[in-house]
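The structure appears below as structure tokens.
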Amino acid sequence: MMNIILARVGKNPTIKYAFDELARYLKQMDQSIFIDARVYDEVDLSRKDILWVGLDGSLPYSNDDTILIDVSNGGGIVSGSNERSVLMAVYRLLFELGCRWVHPGKDGERIPTLHLEKEIINAHVNESPSYRHRGICIEGEVNYEHVHNTIDWLPKVGMNSYYIQFQTPSEFFKRWYNNARPSTIPASPVSDDDVDHMIKRLEEEIVKRSLNYQAVGHSWTCEPFGVHVTDWQPVDTVPESIAPYLALIDGERTFWHGQPLNSNLCFSQAIVREKIADAVVDYCQKHPEISHMHVWIGDGENNNCECEECSKMRPSDYYVMVLNELDKKLTENNIDAKIVFLVYVDLMWAPEHIKFENPDRFILMFAPITRTYGKDFIDYDKSEKINVPPYVRNKLKFPKKNGENLEMLKSWQKHFGGDSFVFDYHLYEAQYADPGCYNIAKILHLDMANLEKIGLNGMISCQVNQAAFPTGIAAYTMAKTLWNKNIDFEEICDEYYSADFGELGHEVYAYLRTLSELLDLYKFEEHKNKDVILKNCDEAKLLIKDFSNKFIKKYQNKCSNWKYLMHHAKMCLLYCDLIVACTLHDDETKDKLVQKQRKYVADHKHEIHNVFDTTISRHTAVLNKMINIVSNSNLEIASAYEGDK
């Protein structure tokens, strides 16, 4: 039995959590190990027999992460540039000892059983990540456990931020709790108040890990004017508290399409800008745990005010006016939170007149929601002349080509030279177009590797939080490449599938990669050849059946990862038949298959919901778009997976 002395430095809660995590996982790896746990005020590196966990002063303190591990024969230091970095360093030491976290949740842990001896507890790492911003944003349908698992997973794979949209993010929680399902998971409705109390607990989990807490974004065009919003739903009436301040469009001040959240305001009115700034300051004062406050205008597009004053400048000019006034009020109140501003739809057109007065306060967030995920972001013809669509108020045509999106980013970068990151949507819906998830993982790798080339310092992924079906390779690739932009994609795949499936990792990898080659709908969009589509579907069905007979049937009841592959295989067979039916314009078969898909997911929701977002189904939107292309028809595919939105 080995005895190891673990020494925590100081009383900081995150350091304590890091120390406890190291002890817990070491004990899980070797139950016979004896841990002598101690607390010291400072490090004494002359004690070579002690494994120290904490800040030892050898690295300058910074909110930018650096990890330092210098451990030999079970003694040494596990440290970092801040408390969060110490936690990351603990997980990195465990990684070096063979631990893996292939996706969020307990069943994503791959902890080896070892006979630990001091001679094998060795690691020497001094690293900083390639990018500052590395995080995930809440989306899809979630329950408390889904979000907790995601927050818990982030530092294990080197991520440092979690972003919760809205002041009360009921939209995402109600999709899970309030929708009736088959008896596998009955509805358990929650109110906005219930969600607020869940968020308070989740905020504690964020703070415990010292993660950057990013918050709100949506709702600043509503909440300051007495309109509480938690979703995109339309309403019947416009409250007097906001009516005079709404954008004038087609001669009327009303909610855009009846939706408060999608409605913009008359930003040329000084009182509008003042109310927004005061509301943000008040919220920051009440929530000091928020490190990055997102301040966005109304969602939607081509919905900006047409009054005489607002028409004198672009919406982005008035947006910067709001931000400048907010910065002054934050400074007056000694609030140092960073303000994240959004470059998105109408705001893709950079300001022409108003400049940032204090750029250090702000972070540019580039959200290219109209891009394609069939190619990586810098994959376009550099010799081709790029024509950026002109700005025409409320008649905008948004860029779809990657080159156009990047030109619009460049115009903002000429105007703002401060910190920035991308807010992108690879795992929001695009993963559903790639059943093997190989291609979308590769696109993620290329995009993350090349962020520096386009002047961005990281990514917050706007994604369904359960994005690990059939495996978590895409999100794992994102995390690994945000940490090290030079890492090889095939190296990530080899490591991932070996960790997840052991000796059969290569077989699973080859199987899923081939599925991606055969069934990626972005590839179908590119070539639009019906004969190829039909042939690929036939080959995919043979591949699935062969792999199932060789491996899945043998292992599906032994562990969750193989069970997920079993469900995935059955869903992919239906998926192949659905593509064929749409391609052949066989509406009757198509409708039957849609119902079979819907029933299958509903019946097995309790088995797959931790890794697959079963209700929101961005998957449906992808099918609608892609199948219409390959079939040259106007077919609309009913949702296979969506519930009530």
Can you pull out every residue in the range 248-272 that is open to solvent by less than 50 Å² (accessible area, probe 1.4 Å), more than 15 Å from residue 297 (Cα to Cα) and in a helix (DSSP H, G or I)? 258
Which pairs have Cβ atoms under 6 Å, sit 6 or more apart or on different chains, and link a residue in the range 592-606 that is buried (at least 19 other Cβ atoms within 10 Å of the Cβ) to one that is acidic (Asp, Glu)? 593/577
Could you go through the range 339-352 and let me know if any residue there is modelled with pLDDT of 95 or more, more than 30 Å from residue 211 (Cα to Cα) and open to solvent by 50 Å² or more (accessible area, probe 1.4 Å). yes
What's the total number of residues in the range 116-138 that are of a type in the set (Asp, Glu) and modelled with pLDDT of 95 or more? 1
Would you pick out the residues in the range 1-44 that are basic (Lys, Arg), in a strand (DSSP E or B) and under 25 Å from residue 206 (Cα atoms)? 8
If residue 403 passes every condition in (1) modelled with pLDDT of 95 or more; (2) crowded, with 18+ Cβ neighbours inside 10 Å; (3) closer than 30 Å to residue 353 by Cβ but one, which one does it miss? (1)
Tell me whether the range 13-25 contains one or more residues that are under 27 Å from residue 291 (Cβ atoms), modelled with pLDDT of 95 or more and in contact with a Gly (Cβ under 6 Å, 6 or more places away or on another chain). yes
Say whether the condition of being within 20 Å of the chain's Cα centre (by Cα), outside any helix (DSSP H, G or I) and not hydrophobic (A, V, I, L, M, F, W, C) is met by at least one residue in the range 336-347. yes
Kindly indicate whether any position in the range 526-533 is at pLDDT 95 or above and surrounded by fewer than 17 Cβ atoms within 10 Å (Cβ to Cβ). no
A careful count of residues in the range 224-244 that are open to solvent by less than 40 Å² (accessible area, probe 1.4 Å) and assigned to a helix (DSSP H, G or I) gives 3
How many residues are exposed (fewer than 14 other Cβ atoms within 10 Å of the Cβ) and either among the aliphatic types (A, V, I, L, M) or in contact with a Ser or Thr (Cβ under 8 Å, 6 or more places away or on another chain) (or both) when one looks only at the range 376-394? 1
Is there a residue being within 27 Å of residue 494 (Cα to Cα) and over 25 Å from the mean Cα position of the chain (by Cα) anywhere in the range 72-92? no
Look at residue 547 and say whether it is assigned to a helix (DSSP H, G or I) and either touching a His at 6+ places or on another chain (Cβ under 7 Å) or open to solvent by less than 20 Å² (accessible area, probe 1.4 Å) (or both). yes
Tally the residues that are assigned to a helix (DSSP H, G or I), open to solvent by 40 Å² or more (accessible area, probe 1.4 Å) and within 17 Å of residue 471 (Cβ to Cβ), restricting the search to the range 555-581. 3
State whether the residues of the range 358-369 include one that is in contact (Cβ under 8 Å) with a residue 24 or more places away in the chain, within 25 Å of residue 518 (Cβ to Cβ), touching a His at 6+ places or on another chain (Cβ under 9 Å) and crowded, with 22+ Cβ neighbours inside 10 Å. no
In the range 203-221, what count of residues is obtained for those that are in contact (Cβ under 8 Å) with a residue 12 or more places away in the chain and surrounded by fewer than 21 Cβ atoms within 10 Å (Cβ to Cβ)? 4
So which residues in the range 145-195 are of a type in the set (S, T, N, Q) and at pLDDT below 95? 178, 179, 183, 184, 188
Over 21 Å from residue 422 (Cα atoms), more than 15 Å from the chain's Cα centre (by Cα) and crowded, with 24+ Cβ neighbours inside 10 Å - does that describe any residue in the range 470-486? yes
Taking the range 48-58 and the residues there that are in contact (Cβ under 8 Å) with a residue 40 or more places away in the chain and over 37 Å from the mean Cα position of the chain (by Cα), the one that is least open to solvent (accessible area, probe 1.4 Å) would be 50
Determine whether residue 397 is open to solvent by 20 Å² or more (accessible area, probe 1.4 Å), over 23 Å from residue 478 (Cα atoms) and in contact (Cβ under 8 Å) with a residue 40 or more places away in the chain. no
Scan the range 289-298 residue by residue and report those that are in a loop (DSSP other than H, G, I, E, B), open to solvent by less than 20 Å² (accessible area, probe 1.4 Å) and either among the acidic types (Asp, Glu) or out of contact with any helix residue (DSSP H, G or I) (no Cβ under 8 Å at 6 or more places or on another chain) (or both). 296
I need the full set of residues from the range 131-171 which are of a type in the set (S, T, N, Q) and under 19 Å from residue 93 (Cα atoms), in order please. 160
Checking residue 243 against (1) in contact (Cβ under 8 Å) with a residue 24 or more places away in the chain; (2) of a type outside the set (S, T, N, Q); (3) more than 23 Å from residue 139 (Cβ to Cβ), only one condition comes out false. Which one? (1)
On the basis of being without any contact (Cβ under 8 Å) to a residue 24 or more places away in the chain and of a type in the set (A, V, I, L, M, F, W, C), does residue 532 make the cut? yes
Does residue 561 satisfy the criteria of being within 29 Å of residue 507 (Cα to Cα), modelled with pLDDT of 95 or more and out of contact with any Pro (no Cβ under 9 Å at 6 or more places or on another chain)? no
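The values are calculated or read from the model by the stated rules, or taken from the named source; none is laboratory data. Here the structure is a predicted model, which is why all the values come from computation and not from measurement. Positions of Cβ are generated from backbone atoms using ideal geometry, with glycine treated the same way; all protein chains shown enter the neighbour counts. Heads up: the accessible areas ignore ligands, DNA and RNA and are worked out on the full protein's heavy atoms, side chains in. Shrake-Rupley method; radii C 1.70, N 1.55, O 1.52, S 1.80 Å.
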